[in-house]
Amino acid sequence: MTEPTEYRRVGLFGGSFNPVHNGHVAAARAFMEQMWLDYLFIMPTGIAPHKEEDPNTSPMDRLKMCELAFEGMEGIIVSDLEIRKPGKSYTVDTLRALSAEDVRLFLLCGTDMVLTLDTWKEPDELFRLCYPVYVRRESDPLLDGRINEKLAQYFRKYGKMVRRITMDPVRVSSTQIREAVQQGQPIGNLVPPAVEHYIKEQGLYQNG
Ligand code: ATP
């Protein structure tokens, strides 16, 4: 079998996106630029393996908000692959679905996620299928040692360096947004305007 001479560089950025926020958008942009991606799949999870389903929003709401947040950004594809799939979504299965001979896959994780990659389903296969990269959500220097130790461990175990995407941390979480909405506080500086509008219009996150 001959090796393809040209690869398409394809990124995967998965999450609950409940809701998608400015930190996700900034990380996706930096990922595209710094990994020279041809395409980036934004992948809201169906049922995330590590989270409970939120009765306040449907998977379709989370998907719609991603579409609004990334609308018009060239190369970004908001995918319903995991949402359409019954049962839990595992990243390794999604990577398998996106794999092709002429595709090089990159997986973006925030700090919290990169620290747990070896506990995900089939970590050997996950590392074989993609190049994981990470982005810092915070600038806490106390975490530097833990991250470096973990990355060295991954290199020894799976033979891959996990590269870092650099950006000024955007300190926001979806939890913070859900709480702010419930308490009637503004969220205009935390999510893109179209997402803010959608949350208001649909009355999301009113009940905690
Ligand atoms: P929650 O508060 O509900 O746990 P979250 O804000 O962590 O949500 P997720 O949808 O769980 O958002 O995150 C999806 C991915 O985006 C994860 O890899 C996570 O680490 C990353 N991420 C989340 N927030 C940020 C941020 N502010 N900057 C960079 N990456 C982020």
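Bear in mind that the values in this text are calculations on the coordinates, not laboratory data. This structure is a prediction, so every number in the text was calculated from the model and none was measured. FYI the Cβ positions are ideal-geometry reconstructions off the backbone, even for glycines, and counts take in every protein chain you see.
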Contact order relative to length for the chain, counting C-alpha pairs under 8 Å separated by 6 or more residues, stands in percent at 25 percent
Taking 0.36 nm per residue of separation between A194 and Q206 and subtracting their Cα-Cα distance, the length gained on full extension comes to 2.5 nm
Using alpha-carbon positions, the gyration tensor of segment 8-172 gives root eigenvalues a ≥ b ≥ c; with a/c under 1.5 called rounded, otherwise prolate if a/b exceeds b/c, else oblate, the class is rounded
Which of E101, E179, E71 fluctuates most in a GNM of the chain (C-alpha springs under 10 Å)? That residue is E101
XL table K64/K150; K85/K150; K64/K160; K64/K157; K121/K150; Cα-Cα > 28 Å flagged, in table order, is K64/K150; K85/K150; K64/K160; K64/K157
About its Cα centre, the chain carries a charge dipole, from +1 on Lys and Arg Cβ atoms and -1 on Asp and Glu Cβ atoms, whose size in debye to the nearest 20 is 420 debye
Between the alpha carbon centres of segment 52-75 and segment 114-183 the gap in Å comes to 22 Å
Excluding residues fewer than 8 positions from K88 in its own chain, the aspartates and glutamates with Cα under 16 Å of it are E52, E53, D54, D80, E122
Each label sits 7 Å from Cα toward the beta-carbon; between A180 and R156 the label points are separated, in nm, by 4.1 nm
Ranked from fewest to most other Cβ atoms within 10 Å of their own Cβ, E149, E82, E122 fall in the order E149, E122, E82
Computed from the beta carbon distance with a Förster radius of 41 Å, FRET efficiency for E138 and Y7 to the nearest 0.05 stands at 0.80
When K85, K64 are arranged by how many other beta-carbons sit within 10 Å of their Cβ, fewest first, they go K85, K64
GNM of the chain, Cα pairs under 10 angstrom: of L108, L12, L143, the biggest fluctuation goes to L143
